[in-house]
1. From the alpha carbon gyration tensor of the range 94-196, can you work out the equivalent ellipsoid semi-axes (sqrt of 5 times each eigenvalue) and give them in Å, largest to smallest?
2. Please report the antiparallel percentage of DSSP beta bridges with both residues in the range 42-181, rounded to the nearest 5.
3. Once each part is reduced to its C-alpha centroid, what is the distance from the range 73-152 to the range 215-238 in angstrom?
Amino acid sequence: MLLLGATAAGVSAVMLLRVAQMSFATRRQVDGYVQHHFSLGLAEVLQSWSNGVALGEGQSLADGPIGFDMEIDGLRLRVRLSDAQGHPRRLTPESEENADGLVLSRAAELLLAEGSVPPERLRDRGPGRVSALSAPDAVVIALARAVAQDASAARFADELRRARQAGPLSLATLDSLAAAAIDGTARAQQLRALFALDPELWWVEVEARGVTGERQVHQGGLVRGRIPDLARQAGAPISQGQRVDWVVLSWGAIGPGGVSRPEWLSDPTESAIAR
């Protein structure tokens with residue numbers, strides 16, 4: 001499966017390289033076709049990688065983007081994924097319009113009312129739940145206060161940050177932190193349920209360099225999919241045999257006139273791939 005995905009990615013990279021070398025007028029004619037097929041190839045290789053990867057040293061989301069490198073047909077391809085689920089959605093998805101969804105919406109309203117997070121930092125894509133692996137303190141505090149005004153919100157945010165910096169954040173640790181921050185088992189469970197330990201929304205960057213080392217392609221976009229090993233690290237339940245297909249939500253060239261990192265990422269100006 002991984003070999004098939006690598007082949008798809010290699011073909012896609014070659015197509016992108018050829019397009020990058022075309023004149024602007026010619027490139028406009030084929031760009032839509034190439035982007036469509038590149039998206040299909042990227043989704044396939046991410047599916048293969050995520051199903052087989054075992055995240056180890058240097059592959060923690062707390063340390064920055066994760067990903068993989070490969071070399072195909074003389075092209076060095078780098079793929080990097082950044083957790084893009086660390087802020088609440090502006091509007092909770094219809095599929096999550098339940099008690100938790102109401103709390104998530106309340107947290108978004110608190111962030112806006114207090115000015116602790118600008119409007120552009122609220123997501124317009126992805127699940128309602130917030131990634132516990134990347135949520136900044138202001139978001140964690142707002143979520144705790146949305147559940148209960150008397151919650152020890154600042155302490156909860158501080159302890160959560162320390163826990164994820166210490167190593168893979170476990171479901172048991174998150175449960176313990178929530179219970180210490182808020183009175184009542186039901187409310188503590190509700191607070192914990194607002195967080196995801198296996199995020200599904202990613203900012204993905206792909207870079208292709210030729211044999212001379214010159215960068216030929218630099219593209220990126222929002223992609224939705226799950227990495228089963230994140231759930232395993234957290235001790236969270238995994239549905240056996242459940243296939244979660246990766247889907248490219250948006251994609252394009254990174255740079256002037258192209259796409260840019262979403263504002264809701266921790267640092268929207270920083271590339272996931274070092275120049």
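Read the figures in this text as sums done on the coordinates, not as results from a lab. Worth saying up front: this structure is predicted, and the values here are computed from it rather than measured.
1. 20, 15, 14
2. So the antiparallel bridges in the range 42-181 amount to around 90 percent.
3. So the two Cα centres are separated by 17 Å.
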